[in-house]
Amino acid sequence: MAILFGIDIGGTTVKMGVLDLEGNIIDKWEIKTRKEEDGKYILPDIAKSLLEYLEEKKIPYEEVKGIGFGVPGPVSDNVVKKCVNLGWDVLDVKEEFRKLIPFETKIVAGNDANVAAYGELKKGQKGLSSAVMFTLGTGVGGGVIIDGKPIDGKGGAAGELGHLHITNNYNFKCNCGLTGCLETIASATGIINIAKILLIQNPDSILDIDNLNGKVIFDAAEKGDRVAVQVVNELANALGLAASIVSVTLNPECFIIGGGLSKSGKFILDLIEKYYHQYAFHACADTKFYIAKLGNDCGMVGAALLTQL
Ligand code: ZN
């Protein structure tokens, strides 16, 4: 049976998936991301795990029709430009991985958020050909798919939507070194920082300043806690503004909201849409908003299906 590998490389674990040609997951497992010595063991570890799997399952090499990678950094033309999370400098993932396996197959690499958006569009929101996805986790990832294809841009930075400058009201420093980035507001890190400021002025909240995370803030907001509601509104406002800027740049069919902070579903989606409509240009006003459906698997699915593009 023809198979694909979809490999989602994260800062702590590598998610390895075996999929059929339609992107259905047959098998999946995780290995540890060994970042020591500038991440030089990461690709060899993946190759070893992949070859062990083929041997164990007695799958002939010619059945492997593609190996796709999602990498947490800017990627252009299969080349990672620099990936601080993994310790990589410029690295040609396709060429390096080719040297590590004893057979020929199609190898592709893309930015993890772009790859995730591709997986979500192909398997989660079928029938659409363009989408912009915001992944709300510790940071904010952005993925752009136009006419069925992920957009990398010249330096691999297309879709780095977490670094859209959307506010001058807060001075939180972003991981990129700037301030005002979407990620400094619309992420778990961002809402914890905002909650801390508001809690000092409003000690009557049910939130505990020493025990804050994305989930407790969203739970409190759904219960109507005034501080939590304000924090979640800051996040929704930032995302609505960011989406409105993106909508007049790319005019996608839809926006997809994924990641841990999207788990409150309709609650957060309605708020983001409310703010979006305050900012959006009239011709973009009917752009749809959806919650991602594939969860943590969308990176693996997108990476695998990218080999079939
Ligand atoms: Zn930034």
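See the values below:
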quantity	calculated
Number of the exception - Leu261 against (1) crowded, with 19+ Cβ neighbours inside 10 Å; (2) closer than 11 Å to Val132 by Cβ; (3) aliphatic (A, V, I, L, M)	(2)
Residues satisfying the stated conditions in the stretch 110-139, i.e. closer than 19 Å to Lys82 by Cβ, among the hydrophobic types (A, V, I, L, M, F, W, C) and in contact (Cβ under 8 Å) with a residue 60 or more places away in the chain	Val115
Search result, residues across the stretch 182-196 that are within 11 Å of the ligand (Cβ to nearest atom) and without any contact (Cβ under 8 Å) to a residue 24 or more places away in the chain	Thr184
Single condition Val93 does not satisfy, out of (1) more than 16 Å from the ligand (Cβ to nearest atom); (2) under 17 Å from Phe289 (Cα atoms); (3) open to solvent by less than 10 Å² (accessible area, probe 1.4 Å)	(2)
Restricting the stretch 97-139 to residues that are surrounded by fewer than 24 Cβ atoms within 10 Å (Cβ to Cβ) and aromatic (Phe, Trp, Tyr), the residue that is farthest from Thr249 (Cα to Cα)	Phe103
Answer from Ala186, Ala195 - the residue that is among the aliphatic types (A, V, I, L, M), touching a helix residue (DSSP H, G or I) at 6+ places or on another chain (Cβ under 8 Å), part of a loop (DSSP other than H, G, I, E, B) and under 21 Å from Leu261 (Cα atoms)	Ala186
Subset tally (residues that are closer than 15 Å to Lys28 by Cβ and open to solvent by 50 Å² or more (accessible area, probe 1.4 Å)) for the stretch 285-307	1
Any hit, the stretch 139-160, residues being of a type in the set (Lys, Arg) and either over 19 Å from Leu261 (Cβ atoms) or within 16 Å of the ligand (Cβ to nearest atom) (or both)	yes
Condition met for Lys173 (open to solvent by 20 Å² or more (accessible area, probe 1.4 Å) and away from the ligand (no atom under 16 Å from the Cβ))	no
Strands (runs of 3 or more DSSP E) contained in the stretch 1-109 and holding at least 3 residues touching a residue at least 40 places away in the same chain (Cβ under 8 Å)	3-9, 13-19, 64-71
Count of the stretch 91-133 residues which are hydrophobic (A, V, I, L, M, F, W, C), modelled with pLDDT of 95 or more and out of contact with any Gly (no Cβ under 6 Å at 6 or more places or on another chain)	10
Residue check for Asn233: out of contact with any strand residue (DSSP E or B) (no Cβ under 7 Å at 6 or more places or on another chain) and open to solvent by less than 70 Å² (accessible area, probe 1.4 Å)	yes
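The values are calculated or read from the model by the stated rules, or taken from the named source; none is laboratory data. Source: prediction; values computed, not measured. Neighbour counts are summed over all protein chains in view; Cβ atoms, including those assigned to glycine, are modelled from backbone coordinates with ideal geometry. Quick note on the areas: whole protein, heavy atoms, side chains included, nothing else; ligands and nucleic acids left out. Shrake-Rupley method; radii C 1.70, N 1.55, O 1.52, S 1.80 Å.
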